[in-house]
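Just below is one structure, and these are the notes that go with it.
The values are calculated or read from the model by the stated rules, or taken from the named source; none is laboratory data. None of the values given here were measured: they were computed from a predicted structure. Here the Cβ positions follow ideal geometry from the backbone for every residue, glycine too, while neighbour counts run over all protein chains shown. Only protein heavy atoms, including side chains, enter the accessible area calculation; ligands, DNA and RNA are left aside. Shrake-Rupley method; radii C 1.70, N 1.55, O 1.52, S 1.80 Å.
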Amino acid sequence: SKTVVVASGYFNPLHFGHVSFLQKAKDAGTHLIVIVNNDAQAERRRVGLPGISMPARDRVRLVRSLACVDAAIEAVDEDDSVADTLRMLHPDLFANGGKQVATEKEAAVCEELGITLLVGLGIEMLLLQPFTQHYEWGKKRGESAVALLAGESEWSPGSLSSPNSSRPYAELWMGDHPSGPSKVRTPNGAMTGCLISTLKRSPSVLGEKLAQDGTLPFLMKVLSIEKALSIQAHPDRELAARLHRDRPDVYKDANHKPEIAIALTAFEALCGFRQVSELHAFVVAVPELRSAVGEAAIAALQGAVTSGELAEEEAAIRLAYCTMMRTPEAEIERLVPEMVAREAPEAENGHTAALAKAYNIVKRCNKQFGNDIGLFSIFFLNYVEMSVGDCLYMAQNIPHAYLSGDIVECMACSDNVVRGGLTPKYKDIDVLCEMLVYKGGLPPCIVPSPVGDMTWQYAHKDLEEFQVTKMLLPAGKARRFCFSARGPSLGFVFSGAGLLKISDETTKLVAGVVFLLSAGVDCDVIAVDDLHCYVACCPPQYFNPPARKDLMKVFPHA
């Protein structure tokens, strides 16, 4: 069937942003007619503005020459709308590009004639205001990267908090998760709406595949951690769906949540189970840990060390951890004070230094959380000290906890957490013990791959929804990027200053600027001062999943 789309604009002059808008308008129907604003309208619009003005007849000819355009005509209207021309053409759809919306007169004509309005076609970039979370484990204003990026590192008269407020700044959410959606803003800071509703109204920003759902498949955050976060793990997709179905009051969404953490400052974390030989040495050396684990689990750990069989190691770690996690509360109250009262004991087979570090963390977390069962998990999990740029990978069902520092976090768009300690919140011990991957070994890390001059990419074959690009452009350096040809790209500036150029628009980049690039957009990034940015997007395999998982590869750019 025939579907006629009408689009309008000045095209004075015509640029790539216009072409992108018109191509998307044509995709919405079968035939595209373009109304070009007439000379009188153009003259009124450009009063006081520099630049060359093209006659309407030339603008019509240029637009008509585009392959996506079936016809182009000059507007007959005498005011600044195209309502009269629209009435004359009576199309099925009326498309508005970029941030433009129909005038009241145009909207009235559309309502009278039953013309469907399309908005947001051709949007190439949105500026975002991220959502700030003030969890109690966050850093104070003057010490927090989150506060710095939110523009609140120092108190100002417009601040929402008092000048002496001790309110912590914990997380900065960038994306459209319902628990903390970003807002869309103008270059001068005015808010124009929520990102969720904007993407629903203008799904073409997301590209063809993602436009069907109208949501981002990933979420990016910055975390500033003063106090340890809970011992936790994130469920796989199947378990997340079941937990949400059965207990939606606790598990509020049905998605899985693999994630990565990139260090912005020195960063400490716990992640994944230790090697079985180290865990056995700890259990033997710490009397209270030995009591919580039990002799049967100790024997199993010893047998696993001797045999070296993977299945036996996993079974032994499972037995030891699940036994410990089900220690009665009264027993925990008795064991913890005895454990923290002594200095770290020596451990066999060269594990004394690692045990001393674990003991230091136990004592530190004891001051933060008291006699919490999560203190014993510290002996089970790898302790990781990360430098700036290092990346930790928390796959689904992997136990972990963040201890201190500032990080960039990127994850599948979910807020599902199963907790097991170091928290006053609900601890779901049975679910946690059942879901965990009990494989001992070194902590899972991702080494970034260089993808150009002063640019690196954090990606992994098992990460379906996202990859992250880090840019460290020195002053005076410029690079052109298309982060994803088929999906949107979400980025922020951590430090420095620069310019982001798209078509004929230039945006200033300073610390805290957050932007969403539409699918397939090319942009030029120019560093005025040394520029430090992070950009997340979907990896190529998200759009072209391989037939078999072992064929999955990671490419530098989508």
Of the residues GLY512, GLY476, which is farther than 20 Å from MET220 by Cβ and not in a strand (DSSP E or B)? GLY476
Under the condition of being open to solvent by 90 Å² or more (accessible area, probe 1.4 Å) and modelled with pLDDT under 95, which residue from the range 34-66 is farthest from THR85 (Cα to Cα)? PRO50
Report yes if GLU329 is surrounded by fewer than 17 Cβ atoms within 10 Å (Cβ to Cβ), farther than 21 Å from ILE361 by Cβ, within 40 Å of the chain's Cα centre (by Cα) and acidic (Asp, Glu), otherwise no. yes
Before we move on, is ALA341 small (Gly, Ala, Ser) and more than 32 Å from the chain's Cα centre (by Cα)? yes
Given (1) crowded, with 22+ Cβ neighbours inside 10 Å; (2) out of contact with any His (no Cβ under 8 Å at 6 or more places or on another chain), where does CYS322 come up short, assuming only one miss? (1)
Does ALA241 satisfy the condition of being open to solvent by 10 Å² or more (accessible area, probe 1.4 Å) and farther than 23 Å from THR469 by Cβ? yes
Among the residues of the range 328-345, is any under 17 Å from PHE273 (Cα atoms), out of contact with any Asp or Glu (no Cβ under 7 Å at 6 or more places or on another chain) and touching a residue at least 12 places away in the same chain (Cβ under 8 Å)? no
Residue that is least open to solvent (accessible area, probe 1.4 Å), among those in the range 305-317 that are in a helix (DSSP H, G or I) and within 24 Å of CYS445 (Cβ to Cβ): ILE317
Picked from the range 208-225 (must be modelled with pLDDT of 95 or more and touching a Ser or Thr at 6+ places or on another chain (Cβ under 7 Å)), the residue nearest to ILE123 (Cα to Cα) is SER224
I'd like to know if the range 263-273 contains one or more residues that are among the polar types (S, T, N, Q), over 14 Å from VAL431 (Cβ atoms) and in contact with a helix residue (DSSP H, G or I) (Cβ under 9 Å, 6 or more places away or on another chain). yes
For GLU106, indicate whether it is open to solvent by 40 Å² or more (accessible area, probe 1.4 Å), free of Cβ contacts under 8 Å to residues at least 40 places away in the same chain, over 30 Å from ILE407 (Cβ atoms) and of a type outside the set (A, V, I, L, M). no
Residues (under 17 Å from the mean Cα position of the chain (by Cα), more than 20 Å from VAL521 (Cα to Cα) and among the charged types (D, E, K, R)) located in the range 442-481: ASP462, GLU464
Members of the range 205-229 found to be among the charged types (D, E, K, R), under 30 Å from PRO424 (Cα atoms) and open to solvent by 10 Å² or more (accessible area, probe 1.4 Å), listed by number: GLU226, LYS227
Would a scan of the range 346-353 turn up a residue that is among the aliphatic types (A, V, I, L, M) and in a helix (DSSP H, G or I)? yes
Selection from the range 27-41 of residues part of a loop (DSSP other than H, G, I, E, B) and within 14 Å of ILE73 (Cβ to Cβ) yields ASN37, ASN38
Kindly indicate whether any position in the range 470-479 is in contact with a Ser or Thr (Cβ under 8 Å, 6 or more places away or on another chain), open to solvent by 30 Å² or more (accessible area, probe 1.4 Å) and not basic (Lys, Arg). yes
Being buried (at least 16 other Cβ atoms within 10 Å of the Cβ) and closer than 16 Å to TYR10 by Cα is the filter here; which residues of the range 85-100 pass it? THR85, LEU86, PHE94, ALA95, ASN96, GLY97, GLY98, GLN100
Residue check: is ALA358 assigned to a helix (DSSP H, G or I), small (Gly, Ala, Ser), surrounded by fewer than 18 Cβ atoms within 10 Å (Cβ to Cβ) and at pLDDT 95 or above? no
Looking only at the range 124-140, count how many residues are open to solvent by less than 40 Å² (accessible area, probe 1.4 Å) and closer than 22 Å to GLY487 by Cα. 6
Please specify each residue of the range 104-141 satisfying the condition of being modelled with pLDDT under 90 and out of contact with any His (no Cβ under 8 Å at 6 or more places or on another chain). LEU117, LEU118, VAL119, GLY120, LEU121, ILE123, GLU124
